[in-house]
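Enquirer: One structure, pasted below without further comment.
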Amino acid sequence: MRDFVTDEVWRRGILVTNAADENAIPVAEFTLAAIIFAGKKAPFLAQDARRHRQDWSYAARRGELSNRGRTIGVVGFSRVGRRVVERLRSLEVDVLVADPYADAAQVSAAGARLVRLPELLPRSDVLTLHVPALPSTHHLIGAAELALLPDGATVINTARGTVLDTSALERECARSRLDAILDVTDPEPLPAGSPLYDLPNVMITPHIAGSLGSETRRMSESALDELERYLSGQPPRAIVTADEFKVSA
């Protein structure tokens, strides 16, 4: 979207809408699945199973395999982040949110508690990222932030690769202190020689969390609905303002 919506669009007063809400749905679904799998260490146990055939004792080496009582740290109360928080109500977990733009009452209504990032990190068994790629969010989660996570925590990124310091994550995962589930990376895709590919505690998927296949129909239907509303003189449902555009993905 940023390639098409320039400052000239705002200067000319051109109406802009998007279907980001519809795209947020499958990303939130994917993230919920990743969080549940993280609690059970499922992606990493699946890799262990390829090496330790006919012997399930390796499962005990992954620590507690449970979702009940976990603390989930959600960075970014965005379209996706908010939906993730709402879906986490189906689990018996505590949910913390860090977002300088979020309203504490809205976060509470969704089922979480708004805290500052330094408070969220050391309490998070699972850290999931939902912030846009902006200069202010570049390497938002770097070496110092990763160091605050407890041993055995899982980092999930379905947002943008640049919000996470890849080199710092490589170091933490290489010594098996942290696990990672990455649907986006920096760069994307990772170089063939990246150590993340070979680490048994890292799961990488090729940017599939967003709308694909039949899921894209939600977005096209939303765009057509907006066009119909515009032609009939009705107000748009998903208008994008210049101020919002500055802090959106």
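The values are calculated or read from the model by the stated rules, or taken from the named source; none is laboratory data. Bear in mind that the values here come from a model prediction, so they are computed numbers and not experimental data. With ideal geometry, Cβ positions are generated from the backbone for all residues, glycine too; neighbour counts draw on all protein chains shown. Only protein heavy atoms, including side chains, enter the accessible area calculation; ligands, DNA and RNA are left aside. Shrake-Rupley method; radii C 1.70, N 1.55, O 1.52, S 1.80 Å.
Enquirer: Would you please name the residue that is nearest to the chain's Cα centre (by Cα), looking only at residues in region 1-25 that are open to solvent by 30 Å² or more (accessible area, probe 1.4 Å) and small (G, A, S)? First the steps, then the outcome.
Expert: Taking region 1-25 as the starting set, the residues that turn out to be open to solvent by 30 Å² or more (accessible area, probe 1.4 Å) are 1-4, 6-8, 10-15, 17-18, 20-23, 25.
Retained after the next criterion (residues that are small (G, A, S)): 13, 20.
Numbers: G13: 32, A20: 14 Å.
That would be A20.
Enquirer: Return the only residue of A209, A238, A242 being modelled with pLDDT under 95 and closer than 19 Å to P26 by Cβ.
Expert: Among A209, A238, A242, only A238 is modelled with pLDDT under 95 and closer than 19 Å to P26 by Cβ.
Enquirer: Here's a check for you: in region 119-144, which residue that is hydroxyl-bearing (S, T, Y) and surrounded by fewer than 24 Cβ atoms within 10 Å (Cβ to Cβ) is nearest to the chain's Cα centre (by Cα)?
Expert: Looking only at region 119-144, we keep the residues that are hydroxyl-bearing (S, T, Y), and these are 124, 128, 136-137.
Adding the requirement that they be surrounded by fewer than 24 Cβ atoms within 10 Å (Cβ to Cβ) leaves 136-137.
Details: S136: 17, T137: 13 Å.
Looking at the filtered set, the residue picked out is T137.
Residue-by-condition table, conditions (1) at pLDDT 95 or above; (2) surrounded by fewer than 20 Cβ atoms within 10 Å (Cβ to Cβ); (3) over 20 Å from S176 (Cα atoms):
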position: I35; (1), (2), (3): yes, no, no
position: R51; (1), (2), (3): no, yes, no
position: Q54; (1), (2), (3): no, yes, yes
position: S66; (1), (2), (3): yes, yes, no
position: G76; (1), (2), (3): yes, no, yes
position: A104; (1), (2), (3): yes, yes, yes
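Enquirer: On to the next question. For a quick check of your reading of the model, give me the residue pairs whose first member lies in region 50-63 and is assigned to a helix (DSSP H, G or I), whose second is acidic (D, E), with beta-carbon atoms closer than 7 Å and at least 6 apart or on different chains.
Expert: So the pair list comes out as Y58/D48.
Enquirer: Here is a check on your reading of the model: is A60 at pLDDT below 95 and over 19 Å from the mean Cα position of the chain (by Cα)?
Expert: Details: at pLDDT below 95: yes; over 19 Å from the mean Cα position of the chain (by Cα): yes.
For A60, the condition - at pLDDT below 95 and over 19 Å from the mean Cα position of the chain (by Cα) - is met.
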